[in-house]
Structures are given as C-alpha cells and as structure tokens.
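Working notes, beginning with the structure itself.
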Amino acid sequence: MFYEKEKPFPSDFLWGASTSAYQVEGAWDEDGKSPSIIDQYEHPKEYADFKVASDHYHRYKEDIRLFAELGLKAYRFSIAWTRILPMGTGPVNPAGIRHYEDVMDECRKYNIEPIVTMYHFDLPYCLEEKGGWGSRETIEAFVEYAKVLFEQFGKKVKYWLTINEQNTMILHPGAIGLPKGGKLPSKKELYQQNHHLMLAQARVMKLCHELCPDSKIGPALNLAAMYPETCNPKDAIAAHNWEVLRCWNFADVPVFGWYHPLAWQYLLDRGLAPKVEEGDKEILKGARPDLIAMNYYSTAAIAASRGDALDVSARAGDQQIMLGETGVYRAADNPYVEKTKYGWVIDPSGFRYTLRKVYERYHLPVLITENGIGAPDVLEDGQVHDDYRIDFIGQHLKALRLAITDGVEVIGYCPWAALDVVSTHQGYKKRYGFIYVDRDEFDLKEMKRMKKDSFYWYQKVIEENGAGL
Ligand code: BGP
C-alpha cells in the first residue's frame with residue numbers, strides 16, 4: 001500500500017542496539033561465574049570461542065559511553081544466569097549482582113533504557129548435567145533465578161525479555177552448539193524441552209507482573225513471514241505449515257495459553273507431543289505478555305514437499321541449519337531478493353509484512369530486538385566503510401516506518417549489534433556492530449573500539465528521530 005504521507009516514528013521511540021552476555025562479555029570464569037552450556041559445548045574449531053569475546057565485562061563503561069555518543073535511547077543486553085546463581089539455584093553471587101547493577105546504572109547515567117533478556121541460550125551447565133530443559137526441575141530453577149532478578153533489579157528495569165529465540169533453540173539446536181559427544185536431542189525430546197520452556201516463561205511473566213507491576217515483559221522470538229514459491233495452492237499450504245511451526249506456534253503459547261491448532265495436530269500425528277501434566281494448562285493460560293519482542297533477519301520461499309531426499313537441505317550451505325521436512329515443506333529460492341555474503345536473504349519488505357502479521361495476530365506492542373547484517377568488515381586506516389550495513393539498516397527502517405504507518409504499534413528498534421560480538425556459530429569475522437572491536441578470530445590484539453561509518457550514520461538517524469530516512 002502506498003501512502004500520501006507516512007507516520008513519523010513516535011517521539012518516545014526506543015532507538016537502541018543489542019548484545020547478549022556470552023557473545024560480548026568474555027570473563028567466562030571470573031568473579032564466581034560458573035560455566036554455561038555455551039562454555040562447555042563443542043563449537044567449530046575454525047572459529048573463535050566465547051571465553052574473551054569482546055571483553056565487555058571489563059570494558060562496559062567505555063562501551064556504554066560510546067553507546068551514549070551514538071545516541072542510543074535503549075541498550076538490550078542479557079544477564080548471564082551463571083553469574084547470578086553459579087549453581088543454577090541456591091546461593092546468589094554478589095559479584096554478579098553488582099556487575100549488572102553497575103551496567104544498569106551506567107546506562108541510566110546517560111538516559112539509556114536497559115532492556116534485559118533473562119535467558120539468551122546460556123543455561124548453567126550444572127543444570128544441563130541434571131537434565132537441562134528436559135527436566136521439570138529446570139522450570140523451578142528458572143523461576144528462582146527470575147525472582148532474584150526481579151527483586152534485585154526490578155526498580156532499575158522496565159523492559160524484560162524472558163527467553164531469546166526459543167524457536168531457534170528447539171528447531172535448530174545445532175546452531176547454538178553441540179553437546180559433548182556431538183549428539184543432539186531427538187525431536188521428541190526437543191518438544192518436551194519446549195513445553196518446559198513455555199511453562200517456565202508463563203510462570204516468570206506472572207511473577208514479573210506480581211513483583212514489578214510497572215515493568216513490561218514478553219518473549220523474544222525470531223519471527224519471519226514465509227512466501228509460497230509459486231501461486232500453486234500446495235506451495236501456499238506448505239509456506240503456511242512452516243510459518244506456523246517456525247513462528248506462530250512459539251508466540252501463540254505465551255499469548256493465547258495453548259499451542260497453535262495446526263502445530264498441535266502435527267505434534268500429535270508424529271508422536272512428538274509433549275507430556276502435559278495436570279495444572280500445566282492453567283499455568284499457560286494464567287500468564288500474558290505485555291509485548292512481543294521480535295528478532296528479524298530474513299524471510300524464505302517455501303515449496304510443497306515432494307517426498308524425496310531433496311526435501312531437506314542446508315540453509316545457505318550452513319549444515320547447522322537444516323530446512324525442509326518431508327510431508328511438511330521444502331525450502332525454495334526467492335529470485336526477487338538479494339543475499340548477504342553469508343547467504344542470508346535481505347528482505348526489508350518482508351520485515352514490514354512480518355510486522356503486519358505479528359500485530360494482526362497478537363495486537364500487542366512490538367519491540368524489535370534484533371535485525372542486522374553479518375559481514376566480514378574490513379578495517380582500513382582505522383576506519384570501516386560498512387555502506388552495506390547502512391544500506392541494510394536504512395532499508396529496514398524505511399520498511400519499519402511503513403509498518404508503523406500501516407498501523408503496527410512498534411515501540412523500539414534494537415538492531416544486532418551495538419558493537420562487534422562473536423557470532424553464535426560463525427566466529428568473529430562475521431561482524432554486526434556499529435563499533436568495530438579490533439581483534440581477530442584467534443589474535444585478541446588490544447580490542448580497541450573504533451566507530452564504523454554506520455556509527456555516524458545511525459547517530460544521525462537517532463538525532464533526527466528517523467525523519468531523514
Ligand atoms: C540470533 C541470535 C543472536 C545472534 C544473531 C546473529 O539468532 O539471537 O544471538 O547471534 O542471531 O546470528 P549469527 O551470530 O549466527 O550470525
């Protein structure tokens with residue numbers, strides 16, 4: 001739809017940027033922190049590990065000062081459970097509390113709103129050893145951890161995100177790391193874990209409303225619309241199948257209190273449905289988020305399954321992310337979009353389209369918690385000319401403004417990433433930040449921070465509240 005006049009970004013729009021603890025902090029075993037699954041999992045040897053990352057744990061003051069110079073109104077980061085409760089439950093680590101209090105105070109000093117993700121892939125390893133998310137005890141542990149967070153930081157944090165990309169954890173667990181021995185859980189086990197994550201999330205949302213009535217809380221999911229490869233109705237059904245299984249099934253449970261009907265039928269039919277205990281339904285129905293946080297990177301084109309070996313394929317040659325399922329859908333190519341150097345589809349209109357779908361389905365404010373382009377940035381004479389990032393984010397912001405004009409309530413935009421971080425499964429060469437961190441895959445150098453061209457560009461966008469886009 002074209003408009004004579006587009007709506008401006010709201011005056012209190014949360015212009016922000018994101019990171020996550022294990023990808024940015026480093027200090028993996030300092031000040032009482034215990035190992036998380038990320039620290040213990042196997043990751044491809046050709047990439048950097050997460051032990052030092054961008055050393056944000058030690059340099060957060062310098063980094064947040066740069067975020068202030070960038071003009072950020074919000075900083076979305078995650079808290080490492082392993083710093084707060086090193087044993088997963090039980091004794092609270094005062095050094096962990098102090099660290100995040102300092103980070104929040106430092107943000108507030110510059111009027112930067114801290115947006116806190118409670119769980120970004122990094123389960124304490126000691127809980128994994130006791131069964132991880134496959135065990136109902138982990139639900140209790142998460143509630144205990146959440147209670148500590150709400151009690152300690154409730155006055156400092158207005159926006160809480162429960163779990164980052166639960167759908168990635170369940171659908172593509174290999175992208176987050178391989179358990180020792182390399183064996184991933186079965187699909188059946190994963191959907192049982194999913195059920196426990198849903199219960200944990202519901203209990204924590206309810207607790208947040210009780211303990212911090214002025215705060216807002218919601219899930220952070222990776223959401224993306226799916227296109228049928230052709231107007232063949234069979235392709236349309238397949239695209240819908242995958243959109244439901246990939247996206248709506250994960251957002252319906254927190255919002256409506258039960259699984260998407262099509263997804264539930266799929267789970268029953270394939271013997272994948274989780275064991276639901278007495279009282280579970282009440283727990284799921286008893287909580288509701290205040291917002292939907294959305295990570296958006298790219299869309300996909302989908303065709304009907306043909307029932308042959310080619311139904312399943314690796315996304316952009318990345319063996320950790322397999323797409324397609326016989327009898328459900330098959331990944332296809334979209335000739336109308338460009339791709340990043342890592343083969344990810346670039347689709348700003350798909351951003352608008354996805355936002356429309358999210359809002360018409362849930363009628364909840366949307367906070368963009370990730371969006372960005374991973375690229376092998378080049379440092380030349382202390383400068384990084386990342387015009388592709390300026391172009392990518394600029395196009396997505398224009399699409400976002402159109403979505404706002406369409407009537408979608410969007411309260412903020414926190415692209416990935418505030419500064420360079422270690423990619424989840426593709427190391428340090430693949431960079432996302434506005435601030436360059438001078439280290440290589442294995443040579444840590446001095447980790448000097450340098451402003452990329454996109455830094456100055458985003459600074460201006462924020463200054464003008466997006467008016468010049
Ligand atoms: C999301 C994760 C982030 C981040 C991002 C980029 O799925 O929430 O933690 O890593 O993707 O992905 P990658 O690092 O694999 O390029």
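The values are calculated or read from the model by the stated rules, or taken from the named source; none is laboratory data. Since the model is a prediction, treat every value here as computed from it, not as a measurement. Note that we place each Cβ from the backbone using ideal geometry, even for glycine, and neighbour counts take in every protein chain shown. Only protein heavy atoms, including side chains, enter the accessible area calculation; ligands, DNA and RNA are left aside. Shrake-Rupley method; radii C 1.70, N 1.55, O 1.52, S 1.80 Å.
So which pairs qualify, if the first residue must be in region 155-177 and open to solvent by 10 Å² or more (accessible area, probe 1.4 Å) and among the polar types (S, T, N, Q), the second must be at pLDDT 95 or above and within 12 Å of the ligand (Cβ to nearest atom), the Cβ gap must be under 8 Å, and the two must be at least 6 apart or on different chains? Final answer for the pair search is 168/222. Which of the residues spanning region 312-332 are assigned to a strand (DSSP E or B), within 18 Å of residue 244 (Cβ to Cβ) and in contact with a Ser or Thr (Cβ under 8 Å, 6 or more places away or on another chain)? Result: 323, 325, 329, 330, 331. Just one of (1) open to solvent by less than 30 Å² (accessible area, probe 1.4 Å); (2) part of a loop (DSSP other than H, G, I, E, B) fails for residue 355. It is (2).
For region 293-311, a residue qualifies if it is assigned to a loop (DSSP other than H, G, I, E, B) and open to solvent by less than 70 Å² (accessible area, probe 1.4 Å), and the qualifying residues are 296, 297, 298, 299, 304, 305, 307, 308. One residue stands out in region 139-166 among those that are within 21 Å of residue 412 (Cβ to Cβ) and assigned to a helix (DSSP H, G or I): the one that is nearest to the ligand (Cβ to nearest atom), namely 166.
So for region 366-375 (the condition being open to solvent by less than 20 Å² (accessible area, probe 1.4 Å), away from the ligand (no atom under 16 Å from the Cβ) and not in a loop (DSSP other than H, G, I, E, B)), does at least one residue qualify? Yes, region 366-375 contains a residue that is open to solvent by less than 20 Å² (accessible area, probe 1.4 Å), away from the ligand (no atom under 16 Å from the Cβ) and not in a loop (DSSP other than H, G, I, E, B). Of all residues being among the hydrophobic types (A, V, I, L, M, F, W, C) and closer than 23 Å to residue 277 by Cα in region 128-154, which is surrounded by the fewest Cβ atoms within 10 Å (Cβ to Cβ)? Just the residue, please. Among them, the one singled out is 143. What do you reckon, is residue 142 at pLDDT 95 or above, in contact with a Phe, Trp or Tyr (Cβ under 9 Å, 6 or more places away or on another chain), among the aromatic types (Phe, Trp, Tyr) and at negative phi? Criteria met by residue 142.
If you go through region 259-268 one residue at a time, do you hit one that is of a type outside the set (Lys, Arg), free of Cβ contacts under 8 Å to residues at least 12 places away in the same chain, closer than 30 Å to residue 136 by Cβ and crowded, with 19+ Cβ neighbours inside 10 Å? Checked against the condition, which is being of a type outside the set (Lys, Arg), free of Cβ contacts under 8 Å to residues at least 12 places away in the same chain, closer than 30 Å to residue 136 by Cβ and crowded, with 19+ Cβ neighbours inside 10 Å, region 259-268 yields at least one hit.
Of everything in region 1-35 that is away from the ligand (no atom under 16 Å from the Cβ) and among the polar types (S, T, N, Q), the residue that is most open to solvent (accessible area, probe 1.4 Å) is 11. Filter region 423-437 down to the residues that are more than 8 Å from the ligand (Cβ to nearest atom) and not basic (Lys, Arg) and list them by number. Listed by number, the residues that qualify are 427, 428, 433, 434, 435, 436, 437.
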